[in-house]
Each structure stands twice: as structure tokens, then as C-alpha cells.
Amino acid sequence: MDKTQAEAIAQAILEPDLRAREEFVRKREKQAVALARQRKVARAALAGAAMGIAGAYLLGGHIVTWALQGSIFCGLLAQLGAWLGGRSRRR
């Protein structure tokens, strides 16, 4: 057996491990991007809740209702922004 045959055999043995590792790395990167997106949406929802509480305080409304509405509104806006941003990067 010469050197090229030995390298071919070693490559055939190690190749499935390399593919599995690359797939694992790609999966981890995808999860990290998704987690970052979720955190951005959560921060926006929290800011929306704070704005809703401030609005309720200033206008004399129910604090919980305004906080919930502000949180939902800002969370949906952030989700839409993240979705549109992801679409533009894929093109």
C-alpha cells in the first residue's frame, strides 16, 4: 500500500466525522442566530411594557392593560423587523 492509498483510506474513515461536525457547527450557528433574534424581541416587548405603564400613569388608565398592550405591540413590531431583516440578508 502506498501513501496515496493510505490517505484515501484514512479520508474515507474520517469523512463521516467531518460531515457530522460541520452539520453540528451549522446547527449551533443557526440556534445562536435564533436566540439572538428572540432576545431582541424580548427586549422590545419589555420596552413596550414600560411605555405602556408610563402611558397608563400619565393618562390614568389601567396599568396592567396598557403594559400588556404595549408589550404585545412592540413585540410584534420587533418580530416583524427581525423577519424583514432576515429576508433582506438572505437575498
The chain, accessible area per residue, ligands and nucleic acids excluded (1.4 Å, Å²): 85 Å²
Whole-percent carbon and sulfur share, accessible surface of the chain, 1.4 Å: 64 percent
The chain: most fluctuating residue of Leu58, Leu68, Leu35 per GNM, C-alpha cutoff 10 Å: Leu58
FRET efficiency, Asp17 to Leu68 (Cβ-Cβ, R0 41 Å, nearest 0.05): 0.25
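From the C-alpha coordinates alone, can you work out the Kirkwood hydrodynamic radius of the range 1-54, in Å? Display every interim value, and only then the final one.
Details: mean 1/r = 0.0669 Å⁻¹.
With all distinct Cα pairs of the range 1-54 included, I get 14.9 Å.
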In degrees, nearest ten, helix 63-90 long axis to first principal axis of the chain (Cα): 30 degrees
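Per 0.36 nm of contour for each residue apart, how much would the distance between Arg28 and Leu59 grow if the chain were fully extended, relative to their Cα-Cα spacing?
Numbers: separation 31, 0.36 × 31 = 11.16 nm, distance 4.61 nm.
Full extension from Arg28 to Leu59 adds 6.5 nm.
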Cα-based helix-to-principal-axis angle, 3-59 vs the chain, degrees rounded to 10: 0 degrees
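The values are calculated or read from the model by the stated rules, or taken from the named source; none is laboratory data. Treat the numbers as computed from the prediction; the structure is a model and nothing was measured. Ideal geometry is used to build each Cβ from the backbone, glycine not excepted, and the neighbour counts take in all protein chains shown. Only protein heavy atoms, including side chains, enter the accessible area calculation; ligands, DNA and RNA are left aside. Shrake-Rupley method; radii C 1.70, N 1.55, O 1.52, S 1.80 Å.
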